[in-house]
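What follows is a short report on a single structure.
The values are calculated or read from the model by the stated rules, or taken from the named source; none is laboratory data. Being a predicted model, the structure only gives us computed values, none of them experimental. Here the Cβ is made from the backbone with ideal geometry for all residues, glycine too, and neighbour counts use every protein chain on show. Keep in mind that these areas ignore ligands, DNA and RNA; they rest on the heavy atoms of the full protein, side chains included. Shrake-Rupley method; radii C 1.70, N 1.55, O 1.52, S 1.80 Å.
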Amino acid sequence: MKNKFIYRDENGLHLAPRFKRGFLSVIFSRFTIVCAFLALQVWVYVMMWNFFDEFLTKYFVNCQTAFVLIVLLILINSSSISSVKVPWLLLIAVFPFFGAVFYLWTQTDIGHRRMTKRLDEVMNFSNRILQPDEKVFGEIRKINEESYSAARYLEHVGNFPAYRAQDVRYYPSGETMFPALLAELKRAEKFIFLEYFIVEEGYMWGKILEILARKAAAGVEVRLLYDATCELGKIPFYYPKRLEAIGIRCRVWERMKPFITSTYNYRDHRKIAVIDGKTAFTGGINLSDEYMNRGSRFGYWKDTSVSFTGKAVETFTLMFLQMWNVSNPETEHLEKYIFRAAGADDLFLPASAGKTFELKPERDAQGAAAKPGRLMVQREKAYEGYIIPYGDSPLDQYRVGENIYMDILNTAEDYVYIMTPYLILDDKLRESMCFAAERGVDVRLIMPGIPDKKVINALSKRQYRHLLDAGVKIYEYTPGFTHAKMALSDSNKAVVGTINLDFRSFYHHFECAVYMLDVPVIKQIRQDFQDTLSRSRLVTRETLKKEKFIVKAVGAVVEIIAPML
């Protein structure tokens, strides 16, 4: 494949740089210019605040006091939880006028409202495409009443149907997921949709890009959506145009612009790969070398992922298209990518289920054979368990990711095992975790032994003592960093996805995950947790006492503004 925009080396295919990065190119780069404009706006806002603060203090003290009191009333009577209100109250107490103005600005930002309006338009247009199967709900209710309630909740708040599980596979590391993803990409015949928080040049992305370019040249529709934080040092801002030049459609979620806006806070943290609407992947693994332990700076990078086939892929297909179209003024016809809407058979046979399925001619009531070519699938053993792919948006009133974690904790009878890189809990989730442990459930957490963000890790450790007092067992993974986001309970329920146990995932990020019930891979997930546990050290009150003073001090200070991180 000859193209001036690409080159190939031992690491796969790469996009050629637009120009050599010299001193002048850095000075006049888009990133530098945007940062300069943002800094200028910050300076203007500070000058305006100083002027009005001095002016109001000198001439309208009572007006300033009244304004701050009104904002305080708005804050106190808002629907925000106490964990979010307290930092704002402290900010306003220390900087009354500035804090009040800043709070109002975050609540009324035009960019935020525009994004919410557009997302609502896309969701209202597309949610009707997926229709829940009441038979599946009935089957779930017969085997597990608690999971039936969770399934109804997900269907109600986000139109996330429950499906019979087909060919669900679990990957305990990036090294095991990567070959499986490459194999599925090579099989693509119609379309490939990729939505990732991080895409970074290197071996992993080079091998994937090589397949994507070849598939695009062969007529397969290839789309890539990544978060704009990648442009902060991982890939250049002109990357989408270079990808378009080789046939790959590309969009960037919320690019940096020379305007201060709260929309920068709402990041697309999802990791979704959909191939032909038949296979989907999700989990904590981004498209970067460190996720498959090539050049990791934090010891061994422990991560997880799942893939599945069948009708359940429809949910991730639609979720990708919804995010893709938020930045598109005209919503495309999404039905053509959803096989059920297109009239295709609603069962995709697992590629490696180890069972034999027979295709038989469809017959009428008298037993006569149907018209030639019409076949039906014998479905009695085509699935094992149930799955619900779901997402979470920071722009609605629901906290889907957090609520599913709490539901698992609140309904557990035997154990709950959780692996997460960050632990910044609000009051609700912390109390659910403590209550589960206090009523005899074996609650265990695995945290990183080598953190990637030391300040956030210090804040996470602030949660330890309260959890230990309630009987929660906490472990730290000694070989390195745990980036996995997973929970399993009672050998029959599990969640694997992108959702961390922190405020950013629950309140500020677009996230996704898969809820699994009675799926065979739950045994593998449990075994992987036990293997990871065997390489982790137990946290006790004695080990907490030995923590460095600076870690304790940083955690105590940062805890004040935890919901804003």
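Brief remarks follow.
- Among (1) open to solvent by less than 30 Å² (accessible area, probe 1.4 Å); (2) in contact with a Gly (Cβ under 6 Å, 6 or more places away or on another chain); (3) farther than 15 Å from Leu468 by Cα - the single one Thr420 does not satisfy: (2)
- Taking the conditions (1) in a strand (DSSP E or B); (2) more than 24 Å from the chain's Cα centre (by Cα) in turn, Leu468 satisfies each one other than (1).
- The helices (runs of 4 or more DSSP H) located wholly in the stretch 519-565 that include 1 or more residues which are aromatic (Phe, Trp, Tyr) and either touching a residue at least 60 places away in the same chain (Cβ under 8 Å) or surrounded by fewer than 13 Cβ atoms within 10 Å (Cβ to Cβ) (or both) occupy 521-533, 549-558.
- Where a residue in the stretch 329-345 is aromatic (Phe, Trp, Tyr) and in a loop (DSSP other than H, G, I, E, B) and its partner, wherever it lies, is open to solvent by 60 Å² or more (accessible area, probe 1.4 Å) and at pLDDT 70 or above, with Cβ under 9 Å and at least six apart: Phe339/Lys278
- A count restricted to the stretch 132-157 and to residues that are closer than 30 Å to Glu254 by Cα and open to solvent by 50 Å² or more (accessible area, probe 1.4 Å) stands at 2.
- Here Phe308, Phe298, Phe281 are screened, and the one residue that is within 29 Å of Ile418 (Cα to Cα) and open to solvent by 20 Å² or more (accessible area, probe 1.4 Å) is Phe298.
- Among the residues of the stretch 428-441, the ones that are open to solvent by 60 Å² or more (accessible area, probe 1.4 Å) and either within 17 Å of Pro479 (Cα to Cα) or under 23 Å from the mean Cα position of the chain (by Cα) (or both) come to 1 in all.
- Of everything in the stretch 216-249 that is closer than 12 Å to Val199 by Cα and assigned to a strand (DSSP E or B), the residue that is farthest from the chain's Cα centre (by Cα) is Leu224.
- Test: Arg439 is of a type in the set (Lys, Arg), free of Cβ contacts under 8 Å to residues at least 40 places away in the same chain and over 30 Å from Glu290 (Cβ atoms): yes
- Taken together, Arg465, Arg444 contain a single residue that is open to solvent by 20 Å² or more (accessible area, probe 1.4 Å), under 19 Å from Val496 (Cα atoms) and out of contact with any Gly (no Cβ under 8 Å at 6 or more places or on another chain), which is Arg444.
- Selection of the stretch 280-306 for residues being closer than 15 Å to Ile208 by Cβ, among the hydroxyl-bearing types (Ser, Thr, Tyr) and outside any helix (DSSP H, G or I) yields Ser288, Ser305.
- Some residue of the stretch 185-193 being assigned to a helix (DSSP H, G or I) and either under 19 Å from Tyr239 (Cβ atoms) or touching a strand residue (DSSP E or B) at 6+ places or on another chain (Cβ under 8 Å) (or both): yes
- Counting the residues of the stretch 152-183 that are closer than 19 Å to Lys485 by Cα and of a type in the set (Lys, Arg) gives 1.
- Screening Leu425 against (1) at pLDDT below 95; (2) within 30 Å of Ala458 (Cα to Cα); (3) surrounded by fewer than 24 Cβ atoms within 10 Å (Cβ to Cβ) leaves a single unmet condition, (3).
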